[in-house]
Amino acid sequence: MVERLDAEARAALARELPGWSPVEGRDAIARSFRFADFGEAWGFMARVALLAEKQDHHPEWFNVWNRVDITLTTHDAGGLSARDVALAKAIDRLLG
Ligand code: HBI
């Protein structure tokens, strides 16, 4: 059973994941990405998909053309867990 983030870890989120924002009404974090075109967005999604499989932790996401919106939460924990932080950091590393 994976645990929800404790208060200390939550306080660190703003510093550790500056590009991500809390989701209104949910214990989750989200970030929107914009790319040059759909091909770039799709390539990014393909790389995120590989990260998700590797971490066995999957995003909730939305794509339209060059936009990719990603929301992270842990269903098994009923909210944010360390798995969300790890995946968000890995996604941010894709941006170089
Ligand atoms: N991804 N975001 C997210 N949250 C989960 O709880 C989760 C997942 N991917 C796989 C997964 N859980 C499974 O390992 C469990 O449902 C068994």
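Every read-out reported here was derived from the displayed coordinates using simple, explicitly stated rules and does not represent laboratory data. Treat the numbers as computed from the prediction; the structure is a model and nothing was measured. Every residue, glycine among them, receives a Cβ derived from its backbone with ideal geometry; neighbour counts consider all protein chains shown.
Taking Cα atoms only, the orientation of helix 7-16 departs from the longest principal axis of the chain by about 30 degrees.
In terms of overall dimensions, the chain has a Cα radius of gyration and Dmax of 13.1, 40 angstrom. Sorting V64, V2 by the number of Cβ atoms found within 10 Å of their own Cβ, with the fewest placed first, yields V64, V2.
With a Förster radius of 35 Å applied to the beta-carbon distance between E60 and R15, the computed FRET efficiency rounds to 0.90.
Think of the chain as having a plus end and a minus end, set by charges on the Cβ of Lys, Arg, Asp and Glu; of S21, W65, A77, W65 sits farthest toward the positive end of this dipole. Restricting the GluC sites (Glu not before Pro) of region 9-89 to loop positions (DSSP other than H, G, I, E, B) with no more than 16 neighbouring Cβ atoms within 10 Å leaves E24.
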